[in-house]
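Contents: one structure, followed by commentary.
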Amino acid sequence: MKKRSFLKTITALGIGGSLLPSELKGMRLDAMKWESEDIWEQLRAAYRIKPDYINFENGYYCFLPEELLEKYITHIREINYQASHYMRGVQFDNKAKSAAALAAFVGADSDEVVLTRNTTESLDLIISGYPWQAGDEAVFANQDYGSMQSMFELASKRWGIKTVKVDIPMHPQSDEEVVDVYRKAITPKTKLLMVPHIVNITGHILPVRKIADMAHSQGVEIMLDGAHAVGHFTFNMKDLDCDYYGSSLHKWLSVPLGSGLLYVKKDKIRKIQPLLAPFNLGLTNISYLNHIGTHPAATDLTVLDSIAFQEKIGSKRKEERLRFIQKYWTDQVRNVPGIRVNTPQDPSRCCGIGNVWVEKLSPSEMGKILMDKYKIFTAPIDGSGVRGVRVSPNIYTSTADCDALVVALKEMAKS
């Protein structure tokens, strides 16, 4: 596709904002040849990319494309303009609209989703509000996010529950191999499993519906850590059949910092006690669990803009691109002597996140050399049986960026 034709299309879609000439309009999305590399090169222009290094750490926070950043700033200005009039009334309806749009985006009912500030807050609300009794057991993995593990340990001190840790196989041969890990940890005292939808340090996507079916068959509830799932790969909340779900929207959905998702299955809402008391203790909806007082409301508004931006690109198309980028570089180093890829090779078990280890180096040494010598920014991981650096691209990442990473890894393994 010619560059000018592409610019016409994304201008008509609203992608690119002030970066694109306003007079270029007209083409339809379904007329585009999305398989062309030129498409992604042009979408890259929607982002203001820092030239000092190649950013392969979008898993912590993916900065906003310029169009979304401008809309976010506009929301800040408008709320500042309306001041208390907005905060005392308008914000509540708008936050509900954003939560409803987010619920539709993930395939949940609008009364099952509330906006939080991040995954940690979402899952902490469940762990801290769960009706624990002394002797109850909670199961989670050594590969789970550290602060979530700590929250369960805090619950152990507060209520006398027992925490049981399992190890997720890094390269399973079947779904059943993963399900069995959790099955074997369940006892008659087990109340709740915490399971990562995608393991944050390796990019391993778990067969969470099969784990949920197994847990429910034994009377155990399941809470999914979807910190890296929403906006990354497609799924439907009802198909997962989990009881609780938390995610961060500032990662793969490119919402500003300070936005998360909490999903609670409708019949479980009243089971959980709020961490912070709402004005009305008689509330029966999910807002009962998420009264946090005054907070930056402009972030809530930008959720709608970020969803719209994602849908213009196409969630499945984005997923396929992210998986392509990850496979593009991992397939080139997976069988290189001295290099170990810690991400499953099966495309159904992974998407954009990859993890790689040059075995002669510690993860911290790897991260330092990649940054200092090659100007490639990654996240060193050293724990829970995983050694390496996490590589998390986004849609602005080019194959040239990946080529630079491959060259660096091969040189580091050889030198």
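Read the figures in this text as sums done on the coordinates, not as results from a lab. Just so we're clear, the structure is a prediction, and the values are computed from it rather than from any experiment. Quick reminder, even Gly has a Cβ in these numbers, built from the backbone with ideal geometry, and neighbours come from all protein chains shown.
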Pairs of alpha carbons in the range 320-370 whose separation is greater than 13 Å (percent): 57 percent
Residues with amide H under 5 Å from that of residue 162, placed H, sequence gap 5 or more: 135, 136, 137, 138
Fewest-first ranking of 300, 111, using other Cβ atoms within 10 Å as the exposure measure: 111, 300
Among 82, 326, 273: highest mean-square fluctuation, GNM of the chain, C-alpha pairs under 10 Å: 82
The range 40-157, dipole about Cα centre (Lys/Arg Cβ +1, Asp/Glu Cβ -1), debye to the nearest 20: 520 debye
Mean residue ellipticity (222 nm) of the chain, computed from DSSP H runs ≥ 4 via -39,500 (n - 2.57), nearest 500: -12000 deg cm²/dmol
Interchain or long-range residues, amide H under 5 Å from residue 379's placed H: 390
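Listing 221, 411, 121 from the residue with the fewest other Cβ atoms within 10 Å to the one with the most, what is the order?
Numbers: 221 20, 411 13, 121 17.
Lowest to highest Cβ neighbour count: 411, 121, 221.
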Charge dipole of the range 72-308 about the Cα centre (unit charges at C-beta), most positive-ward option of 273, 216, 142: 273
Fraction of beta bridges assigned by DSSP in the range 72-308 that are antiparallel (%, nearest 5): 40 percent
Relative counts (whole %) of C-alpha pair distances in the range 123-211, using bins that are 10 Å wide: 17, 50, 28, 5
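With the cut-off at 1.5 for a/c, could you classify the chain from its C-alpha gyration tensor as rounded, prolate or oblate? Could the numbers behind the result be given before it?
Details: a/c = 1.87, a/b = 1.11, b/c = 1.69.
Taking the square roots of the gyration eigenvalues as a ≥ b ≥ c, the chain is oblate.
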Burial ordering of 148, 371, fewest other beta-carbon atoms within 10 Å first: 371, 148
The chain - share of DSSP beta bridges that are antiparallel (%, nearest 5): 50 percent
Three principal axis lengths of the range 72-308 [C-alpha, angstrom, descending]: 57, 37, 27
In sequence order, calculated HN-Hα J values of the range 233-242 (Karplus, 6.51, -1.76, 1.60; Hz; x Gly/Pro): 9, 7, 6, 10, 4, 5, 5, 6, 6, 8
For the chain, built as a Gaussian network whose Cα springs stay under 10 Å, the top-fluctuating residue of 47, 81, 61: 81
Amide H within-cut-off set for residue 260, under 5 Å, with H built and near neighbours excluded: 116, 117, 118, 249
Percent breakdown of C-alpha pair distances by 10 Å bin, ordered from the shortest bin, for the range 49-93: 22, 33, 26, 16, 4
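Hand me the trypsin sites (Lys or Arg not before Pro) from the range 157-236 located in a DSSP loop with no more than 14 other Cβ atoms within 10 Å, in residue order please.
Values: sites: 157, 158, 162, 165, 183, 184, 189, 191, 209, 210; in loops: 184, 189.
Answer by residue number: 184, 189.
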Candidates 64, 102, 154, ranked by Gaussian network fluctuation over the chain, Cα under 10 Å, top entry: 154
Table column - 3J(HN,Hα) (Hz), the range 255-265, Karplus curve with 6.51, -1.76, 1.60, x for Gly and Pro: 8, x, 3, x, 9, x, 10, 10, 10, 10, 3
Low-density loop positions, GluC sites (Glu not before Pro), the range 254-346 - DSSP coil, at most 11 other Cβ in 10 Å: none
Which of 252, 345, 104, positive extreme of dipole for the chain (C-beta unit charges): 252
When each of 373/410; 251/318; 50/312 is checked by Cα-Cα distance, pairs over 19 Å: 50/312
